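The values are calculated or read from the model by the stated rules, or taken from the named source; none is laboratory data. Since we're looking at a predicted model, the values are computed, not measured. Note: areas computed on protein heavy atoms with side chains; ligands, DNA, RNA excluded. Shrake-Rupley method; radii C 1.70, N 1.55, O 1.52, S 1.80 Å.
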Amino acid sequence: MAASSKAEEKPTIMGCDFEIHGKVPKEAFELFAVAQAKLLGLRGYITRVSDDFYKGQLQGEGKVIEKFKQLIATAAEYVAAVKEFIVKNLKIIVDYTYETFELRKSP
């Protein structure tokens, strides 16, 4: 009986694109971003576009996406470096399309 009601309580999954602007230390920042996303249970990816620009996709609960944004923007190591964290195209998705959160190398 209780098992069927659990399915209905499934949290809403959100998906979005994101951009991070700022001169952050590449390797340390990438490791930090991936570790935080995984700890929060987010899925998606981050990729470095240029020295001061990262982009990617996030999938997870809306409040968790917001928490990730706050963590990145306020982390003591990067607070002076991160100039902007932009969430774009936030929408409800039916299911995850990523298995985990990963760093993708830029082409």
- Considering residues of region 82-100 that are part of a loop (DSSP other than H, G, I, E, B) and within 15 Å of the chain's Cα centre (by Cα) only, the residue nearest to F68 (Cα to Cα): T100
- Name every residue in region 50-107 that is closer than 15 Å to V34 by Cα, of a type in the set (S, T, N, Q) and open to solvent by less than 80 Å² (accessible area, probe 1.4 Å), in order of residue number. Q57, Q59, T100
